[in-house]
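This report concerns only the one structure given below.
Read-outs throughout are calculated quantities, based only on the coordinates presented, and are distinct from any laboratory measurement. Because the structure is predicted, anything quoted here is derived from the model rather than measured. Glycine gets a Cβ as well: all are built from the backbone with ideal geometry, and neighbour counts include every protein chain shown.
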Amino acid sequence: MTSGIRPMFARELTVFTNDRINFLLSIVPNLLYLLLFSTSMRAVVGLVEFGGQSVDYFDFVMPGIIASTLLSAGTTSANTINQERMNRLLLEIWSYPITRRDYVIGKTGFSVAMVVGQCLVMLIMGQILSPTTWQLWQWASILAAIACISVASTGLYLLAATYLRDPQRFMIVINIAAPVLLFSSPSFYSFESMPKVLQWISVINPLSWMVITIRACFLTGFRSGAVGVALLLVLGIVAVIAASWRLSREDV
């Protein structure tokens with residue numbers, strides 16, 4: 001870890017834990033999703049078909065709940081850029097030893113850690129609500145997949161924040177886009193059951209590929225989603241580099 005990434009990571013942790021509203025908003029909605037789908041929706045839907053086998057609906061939608069966590073974590077990280085820009089803190093933060101590259105990497109790293117921590121809590125709760133016979137390596141592999149995929153989601157959000165520089169405009173666009181991304185992806189239903197229009201949108205929706213990859217790792221093993229994980233990780237690295245480059249050209 002370079003000299004600037006560590007203090008940037010520590011700063012993100014301090015800001016996040018001190019902001020109780022964002023802290024609660026990043027956790028509570030996804031826990032409510034978890035409880036809703038594990039009780040009433042699970043009882044209504046029962047079993048669904050996936051990969052030629054019948055799976056419990058709660059297990060099927062867990063990747064969708066994880067996708068919701070990716071969206072909230074990405075929004076939180078990206079929104080801090082505009083808040084710090086509006087409050088004229090960027091010049092202070094970007095002073096030595098924190099470079100603009102360190103700034104983006106630190107935010108990305110903290111967001112990934114936050115996603116993995118929240119998903120671990122949800123997986124433990126899911127284990128209580130719907131017990132499985134997972135081995136330790138299966139827990140490690142799904143968390144590793146989530147970490148790699150969260151690099152992509154966070155990187156894309158940070159890149160978006162370099163274009164939408166007005167905080168109000170950013171929040172309007174993101175708050176409208178989030179439910180569109182979530183519900184136009186096969187998060188809570190199969191791709192085949194979606195209307196044709198949503199299927200077309202789903203193909204170009206990056207969240208769809210994140211959900212599909214997580215679901216493959218979750219239900220059929222890490223190997224079945226390894227290629228998707230690798231591609232999304234590459235996409236995330238490219239997005240982080242692009243966001244760093246965009247910020248390096250920004251005057252403060």
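Rounded to the nearest 20, the size of the Cβ-charge dipole of region 174-252 about its Cα centre is 160 debye, with Lys and Arg at +1 and Asp and Glu at -1.
Using only the Cα atoms of region 130-252, each taken as one equal point scatterer with no solvent, compute I(q) by the Debye sum, divide by I(0), and report log10 of the ratio at q = 0.12, 0.15 Å⁻¹. Here log10 of I(q) over I(0) equals -0.54, -0.80. Restricting region 198-252 to trypsin sites (Lys or Arg not before Pro) that sit in a DSSP loop and have at most 16 other Cβ atoms within 10 Å of their own Cβ leaves ARG249. A Cα-only calculation for region 53-169 places Rg and Dmax at 17.2, 56 Å.
Just flag the chymotrypsin sites (Phe, Trp or Tyr not before Pro) in region 118-160 sitting in loop per DSSP whose Cβ has no more than 16 other Cβ atoms within 10 Å. Mind showing how you got there, number by number?
Numbers: sites: TRP134, TRP137, TRP139, TYR157; in loops: TRP134.
Hits after loop and neighbour filter: TRP134.
When only the Cβ of Lys, Arg, Asp and Glu is charged (+1, +1, -1, -1), the dipole of region 23-142 relative to its Cα centre reaches about 400 debye. Between the residues ILE27, ILE201, SER95, the greatest Cα displacement towards the positive end of the dipole of the chain, with unit charges on the Cβ of Lys, Arg, Asp and Glu, is found for SER95.
Stretch GLN135-GLN53 to full length: gain in nm at 0.36 nm per residue minus the Cα-Cα span?
Result: 27.4 nm gained on full extension.
Considering just Cα atoms, how many Å³ per residue does the convex hull of region 1-124 enclose?
Numbers: hull volume 15.1 nm³, N = 124.
Given the Cα convex hull of region 1-124, per-residue volume reads 122 Å³.
Here the sum of -39500 (n - 2.57) over DSSP H runs of 4 or more residues, divided by the residues of the chain, equals -27000 deg cm²/dmol at 222 nm, to the nearest 500.
Computed from the Cβ-Cβ distance with R0 of 22 Å, the FRET efficiency linking VAL28 to ARG169 stands at 0.25.
Between the Cα long axis of helix 5-18 and the first principal axis of the chain there is an angle of about 70°, rounded to the nearest 10.
Here the chain is assigned +1 on the Cβ of each Lys and Arg and -1 on the Cβ of each Asp and Glu. Its dipole about the Cα centre then comes out at about 420 debye. In terms of overall dimensions, the C-alpha atoms belonging to region 5-248 reach 55, 40, 33 Å along their principal axes, ordered largest to smallest.
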